[in-house]
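The values are calculated or read from the model by the stated rules, or taken from the named source; none is laboratory data. It should be emphasised that the depicted structure is a prediction, and the values quoted were computed from it without experimental measurement. Note that each Cβ is placed from the backbone with ideal geometry, even for glycine, and that neighbours are counted across all protein chains shown. When the accessible area is computed, the model is the full protein with side chains, heavy atoms only, and any ligands, DNA or RNA have been set aside. Shrake-Rupley method; radii C 1.70, N 1.55, O 1.52, S 1.80 Å.
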Amino acid sequence: MSIRSSSGPNDKDLVIFATKEDHAVPSTVTLPEPEPSPGLILSNGDINWNCPCLGGMATGPCGVQFREAFSCFHYSEAEPKGSDCYEAFSTMQECMTKYPTLYNRENNDDDESDPMKFENMEEAGRSSEQSANENLEKSVAKN
Amino acid sequence: MAILNSRSVEIVRPSADCLRPAPWLQLIVRVNCFQKEIAMLFRAIRSAARADRLCWSTRPPHSHPGWQRFYAATYKKKGPADPVNSSRKTSDLFRAKTSQDITSIASPISLKIVQVRSSSSQNTSHAKPPSVPSATFSSNSSNEKPPEKSNLLRNIIYGLVIAAASLGGVYYFDVLGGNKDDSKKRKPKSEAETRKSRPIIRNPISRDAFPEKMQYVLIGGGTASFAAFRAIKSKDPTAKVLVISAEDSIPYMRPPLSKEIWQQKDLPPADILSFRQWNGQERSLFYEPADFYMNINELGSSENGGVAVATGWRVSRIEPLTSTVFLKDPTTDEEFPIEYNKCLIATGSMPKNLPVFEKVWDAVSSQTILYRNIRDLENLWYQIQNAKSIAIVGGGFLGSELACSLGRKYMPDKKVFQMFKEPGNMGRVLPEYLSKWTTNKVIEEGVTVIPDVEVQVVQKVNNQVLMKLSDDSIVNADVVVVAVGSEPCTQLAEPSYLEVEPNIGGFLVNAELEARSNLYVAGDAACFYDPILGRRRVEHHDHAVVSGRLAGENMAGSMKPYKHQSMFWSDLGPDVGYEAIGIIDADLPTVSVFTKDSESGKKQLEERSDEKKSDNIQKETVPEVLSSPSEISSISVSEKEEKTEMKSNSDQDYSKGIIFYLKDDTVVGIVLWNVFNRMHIARQVLTQRKKYADLNELAKLFNLHEE
């Protein structure tokens with residue numbers, strides 16, 4: 001049983017206290033599927049350079065070299081994958097040695113060994129639409 | 001994927017010619033040796049990528065299991081956790097004999113090694129070497145997180161990779177003597193005066209360093225600008241971007257200035273400011289370290305483009321017709337032009353002052369701070385050292401957050417006052433009952449809160465600022481912070497013939513953030529058209545990120561309207577943390593759903609049935625009844641009754657719930673009160689623009705009772 005009360009000027013603020021049992025009854029409201037936002041790889045197979053997951057890698061001083069190396073790797077058909085990209089990798093590496101503090105810091109931010117990190121990234125301020133999908137599916141499924 | 005074989009041990013101790021202070025990618029010296037590892041690492045990026053990570057948000061994911069521990073550690077009455085002590089862990093790293101030992105220690109980060117070396121020679125809170133502007137060191141102080149089984153493999157891989165990078169770093173810094181200045185001791189106290197009064201550093205020094213033409217010109221060096229140039233460079237990899245900032249720092253994030261920064265014991269020098277994130281990791285205040293940015297002289301000829309930041313320079317006007325910005329040369333006071341292809345105005349906002357203070361500004365300005373940027377932080381920090389009492393005028397986001405941070409840090413040695421004209425903290429944002437509940441929480445942080453008052457007279461008496469309040473009480477403080485809101489920096493509008501919105505303020509732009517052809521505005525200064533919520537202006541961090549990114553994308557060729565709704569958040573101590581989206585205004589009618597556990601729910605029902613004033617309250621057994629306030633039978637509420645209602649409401653537990661703000665019965669804003677990871681649902685609700693019969697039904701979608 002939920003309890004309702006109102007307060008404030010002209011009773012404009014309604015407060016409802018709901019118990020877990022109240023909310024166990026499935027909702028009569030449904031929300032539509034959200035549009036999935038792209039991750040690193042777009043639906044057509046291209047790389048999304050705008051992905052926040054890359055941090056500053058694709059936009060920094062060695063951004064162009066990083067893109068070439070990563071693109072080469074992404075489209076590589078060799079076995080194992082990426083073995084035909086040596087040139088691109090070493091150009092990128094050469095560039096990165098010129099900015100040791102920058103790419104060390106990138107390293108730290110990206111590879112914090114916090115095991116929960118990747119799951120948590122979904123939870124930080126802006127969650128991925130994919131997880132949004134999952135959550136919505138969960139709630140819709142409950143109905 | 002397990003690589004715990006003899007080969008992996010080699011990664012841990014790479015051979016001499018592999019050693020660089022290398023990012024993980026650089027471990028791959030010879031591709032033919034480490035192909036599998038490359039593949040794994042890239043797979044790792046991709047899986048990380050799917051979790052659309054926003055690197056700039058300092059927002060803690062509250063449901064993270066480490067969160068409670070972090071709060072327990074940081075918010076213990078004894079005081080904030082000390083990052084310096086965590087350096088003990090690194091010595092363990094050296095003693096590790098097998099790769100397994102290393103992974104079990106977890107999260108060593110190479111720059112930490114530097115700290116160990118210098119901290120052995122002194123015991124003060126040492127500063128990181130200045131050539132490493134954003135040293136991040138892991139604070140894995142302790143007993144944290146044994147990796148969960150499902151992530152064990154991933155953890156091991158990263159542990160190995162990072163261990164290798166760390167050892168590579170050790171070799172470089174320790175043996176090859178990478179860093180020069182690590183022996184310099186920084187004593188914050190002795191630096192107090194110099195830091196307060198140092199002049200603004202102009203870089204470049206002379207106007208001759210500026211090019212005559214520049215592809216992208218961004219006016220303002222804050223969050224919106226940063227988001228914009230990142231979007232520009234993503235879309236246009238060889239773009240040349242010039243950022244012109246009147247401040248003398250490279251772009252940094254503001255939210256920690258009223259929260260996390262105050263959890264440290266000492267303040268590091270301005271160029272290497274950092275704070276401890278929710279997950280225990282030290283993080284630089286700056287979005288990118290100094291060497292990310294190119295020298296302005298090199299920008300023109302750089303074939304891959306780059307981003308240069310000119311600090312300490314102002315733009316005096318813009319000529320949209322000729323696509324030119326004019327800068328003021330401070331030495332000659334003359335204007336000089338820079339032609340642009342695309343220009344962004346991201347000038348942000350500046351704090352407002354109160355007339356009562358302005359009247360006596362000459363006398364009190366040295367002790368009164370309009371808090372906004374890094375200089376204000378330094379000013380406040382050092383003034384507080386010698387102060388016995390601090391007063392904060394203003395009860396909004398900044399005032400309340402700062403009051404909580406200062407109360408937590410300095411009470412009981414120093415007194416912290418907060419005074420404002422609303423009846424409760426966040427009085428213009430939260431409905432009254434919740435604002436009052438929050439005020440009690442602020443008081444619990446040690447702050448002396450004085451609501452319902454205005455400052456009527458300000459005087460300087462005996463080196464203190466004396467404030468006479470409208471309730472005839474007097475507050476004396478050594479330092480005063482005025483946090484009464486901010487106004488957008490639109491000084492460029494008049495000389496540039498740009499339109500400004502008279503009521504909301506800010507440069508007028510369309511939904512694509514364009515003011516004129518090739519001229520965009522983002523962040524606090526933009527009064528933009530939001531297709532869902534109408535024309536508005538938003539002064540929050542995430543909006544700066546979202547609008548900056550949108551403007552950047554549009555500058556680089558897209559033509560997208562404002563669509564992704566930005567959010568904001570605030571934390572007031574360990575019990576109050578909320579996220580919000582849309583129009584959040586206390587004047588709007590609200591409907592809130594708070595969680596109640598079943599036991600106390602029944603008890604309350606019994607109590608209520610005995611009350612005489614039960615006319616205002618309905619017991620709902622079926623949740624389908626229309627819930628608009630007019631439907632609830634109520635006798636006209638006299639003031640006295642209202643007060644009784646409020647009193648009983650303050651016994652209520654508003655610790656977790658959701659608040660819907662309504663305009664014409666449509667949900668236009670949502671506050672998630674101590675409820676996290678549901679912002680995407682809130683965002684969905686907003687875009688629907690529907691009128692819901694029962695908002696309790698809508699609230700069910702948020703699963704409030706779950707973590």
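Can you name every residue in the stretch B:551-601 that is touching an Asp or Glu at 6+ places or on another chain (Cβ under 8 Å), under 30 Å from B:MET214 (Cβ atoms) and among the hydrophobic types (A, V, I, L, M, F, W, C)?
B:ALA556, B:MET559
Yes or no, residue by residue, for (1) modelled with pLDDT of 95 or more; (2) open to solvent by 50 Å² or more (accessible area, probe 1.4 Å); (3) not in a loop (DSSP other than H, G, I, E, B):
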| position | (1), (2), (3) |
| --- | --- |
| B:PHE326 | yes, no, yes |
| B:ASP333 | no, yes, no |
| B:TYR340 | yes, no, yes |
| B:CYS343 | yes, no, yes |
| B:ASP362 | no, yes, yes |
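Being more than 10 Å from every other protein chain (Cβ to nearest Cβ) and assigned to a strand (DSSP E or B) is the filter here, so list the residues in the stretch B:662-695 that pass it. Quick ask: steps written out before the conclusion?
As a first pass, look at the stretch B:662-695 and keep what is more than 10 Å from every other protein chain (Cβ to nearest Cβ): B:663-675, B:682, B:686, B:689, B:691.
Listed by number, the residues that qualify are B:LYS663, B:THR666, B:VAL667, B:VAL668, B:GLY669, B:ILE670, B:VAL671, B:LEU672, B:TRP673, B:LYS691.
Look at the stretch A:1-18 and say how many of its residues are open to solvent by 10 Å² or more (accessible area, probe 1.4 Å) and modelled with pLDDT of 85 or more.
Total meeting the criteria: 1.
Please count how many residues of the stretch A:31-76 are of a type in the set (A, V, I, L, M), facing another protein chain (nearest Cβ under 8 Å) and not in a helix (DSSP H, G or I).
Qualifying residue count, the stretch A:31-76: 4.
Filter the stretch B:543-561 down to residues that are buried (at least 24 other Cβ atoms within 10 Å of the Cβ) and either farther than 22 Å from A:TRP49 by Cβ or more than 23 Å from the chain's Cα centre (by Cα) (or both), then give me how many there are.
Of the residues in the stretch B:543-561, 2 are buried (at least 24 other Cβ atoms within 10 Å of the Cβ) and either farther than 22 Å from A:TRP49 by Cβ or more than 23 Å from the chain's Cα centre (by Cα) (or both).
Can you give me the number of residues within the stretch B:438-461 that are part of a helix (DSSP H, G or I) and surrounded by fewer than 21 Cβ atoms within 10 Å (Cβ to Cβ)?
Start the filter on the stretch B:438-461 by keeping residues that are part of a helix (DSSP H, G or I), which leaves B:438-444.
So of that shortlist, the ones also surrounded by fewer than 21 Cβ atoms within 10 Å (Cβ to Cβ) come out as B:440-441, B:443-444.
Total meeting the criteria: 4.
Given the condition more than 24 Å from B:ALA526 (Cβ to Cβ), in contact with a helix residue (DSSP H, G or I) (Cβ under 8 Å, 6 or more places away or on another chain), surrounded by fewer than 18 Cβ atoms within 10 Å (Cβ to Cβ) and touching a residue at least 12 places away in the same chain (Cβ under 8 Å), answer yes or no: does some residue in the stretch B:422-432 qualify?
yes
Please tell me if B:GLU539 is among the charged types (D, E, K, R) and in a loop (DSSP other than H, G, I, E, B). Don't jump to the end; show me each part of the working.
Details: among the charged types (D, E, K, R): yes; in a loop (DSSP other than H, G, I, E, B): yes.
So B:GLU539 passes the test.
Limited to the stretch A:77-91, what total is found for residues that are at the interface with chain B (Cβ under 7 Å from one of its Cβ atoms) and in a helix (DSSP H, G or I)?
The qualifying residues number 2.
In the stretch B:297-317, how many are on the phi > 0 side of the Ramachandran plot, part of a loop (DSSP other than H, G, I, E, B) and within 9 Å of chain A (Cβ to nearest Cβ)? Please lay out each step first, then the result.
Taking the stretch B:297-317 first, the residues on the phi > 0 side of the Ramachandran plot are B:305-306, B:312.
Within this subset, residues satisfying the condition of being part of a loop (DSSP other than H, G, I, E, B) are B:305, B:312.
Narrowing further to those that are within 9 Å of chain A (Cβ to nearest Cβ): B:305.
Counting residues in the stretch B:297-317 that are on the phi > 0 side of the Ramachandran plot, part of a loop (DSSP other than H, G, I, E, B) and within 9 Å of chain A (Cβ to nearest Cβ) gives 1.
Considering B:GLY407, B:GLY396, which residue is small (Gly, Ala, Ser), surrounded by fewer than 22 Cβ atoms within 10 Å (Cβ to Cβ) and at pLDDT below 95? Step through it out loud before you land on a result.
Details: B:GLY407 fails: surrounded by fewer than 22 Cβ atoms within 10 Å (Cβ to Cβ).
None of the other options fit; the residue is B:GLY396.
Scan the stretch B:689-707 for residues that are without any contact (Cβ under 8 Å) to a residue 24 or more places away in the chain and closer than 14 Å to A:THR28 by Cα and report the count.
To start, the set of residues in the stretch B:689-707 that are without any contact (Cβ under 8 Å) to a residue 24 or more places away in the chain comprises B:700-701, B:706.
Keeping just the survivors that are closer than 14 Å to A:THR28 by Cα gives B:700-701.
Matching residues across the stretch B:689-707 total 2.
Among the listed residues B:GLY557, B:GLY573, B:GLY582, which satisfies the condition of being farther than 30 Å from B:TYR433 by Cβ and touching a residue at least 12 places away in the same chain (Cβ under 8 Å)? Explain how you work it out, then say what you get.
On the way: B:GLY573 fails: farther than 30 Å from B:TYR433 by Cβ; B:GLY582 fails: farther than 30 Å from B:TYR433 by Cβ.
After ruling out the rest, the residue left standing is B:GLY557.
Can you tell me which residue within the stretch B:271-292, out of those that are open to solvent by less than 30 Å² (accessible area, probe 1.4 Å) and under 20 Å from B:LYS240 (Cα atoms), is farthest from the other protein chains (Cβ to nearest Cβ)?
Looking at the filtered set, the residue picked out is B:TYR287.
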